[in-house]
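First the structure, in the form of structure tokens, and then the observations on it.
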Amino acid sequence: MSAGLMHGGTDTVASADTRRGTVIVTTVASDSHTWNLVFLQLLIEELGYEVINLGPCTPDQVIVDACRETGPDLVVISSVNGHGHQDGLRVIKALRAGGGPASTPVVIGGKLGVAGQQSEAAIGALLSAGFDAVFDDASTTLTEFTRFVGALPVAGRAVARTEVVA
């Protein structure tokens with residue numbers, strides 16, 4: 001996958017007119033892993049959402065532009081390389097500044113640091129910077145993430161596939 005968009009959706013998932021909303025899934029710019037994104041895409045689709053998968057190594061501005069173009073109901077940033085905390089602080093600043101999704105929930109999760117479980121202070125820094133939730137893989141479960149996504153309000157607009165050229 002490139003920094004361009006890949007759209008989710010299979011015949012086994014609910015049609016676009018019954019979707020709960022749209023979720024953007026991506027990594028931080030330094031993370032080249034894709035398996036985590038594919039897993040998240042499938043999981044979130046099973047929860048009833050249309051997923052726009054931006055792929056690995058996504059530059060901050062591509063994430064901001066995709067959010068501006070699609071108006072997602074949630075942004076999920078995943079990290080496997082251990083730089084999620086460091087890169088996440090930069091990404092959320094870009095997302096919350098000038099034209100980014102000010103009220104859109106943005107979450108980050110995965111391996112957020114190279115030393116393992118993040119401290120409460122490190123998680124607090126991500127929340128203070130503007131993330132709505134932090135799912136550190138060493139201290140949170142898939143169930144907690146699934147509950148968070150499931151508790152989101154259903155989008156009040158028709159969901160249609162949108163292509164963003166990055």
| task | Counting only heavy atoms of the protein chains, get the accessible area per residue of the range 32-145 (1.4 Å probe) and round it to a whole Å² value. | result | 41
| task | Quickly rank 43-52, 69-78, 140-149 as a protection proxy: mean count of other C-beta atoms within 10 Å, highest first. | result | 69-78, 43-52, 140-149
| field | Theoretical gain in end-to-end length, Ser30 to Glu144 [0.36 nm per residue, Cα-Cα removed] | value | 38.5 nm
| said: Going 7 Å from the Cα of Gln117 along its beta-carbon direction, which residues of the range 70-92 have the amide nitrogen within less than 20 Å of the resulting point? | reply: 79-86
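The values are calculated or read from the model by the stated rules, or taken from the named source; none is laboratory data. Worth saying up front: this structure is predicted, and the values here are computed from it rather than measured. Reconstructed Cβ throughout: ideal geometry from the backbone, glycine too, with neighbour counts over all protein chains shown. Surface areas here come from the heavy atoms of the whole protein model, side chains and all, with no ligands, DNA or RNA. Shrake-Rupley method; radii C 1.70, N 1.55, O 1.52, S 1.80 Å.
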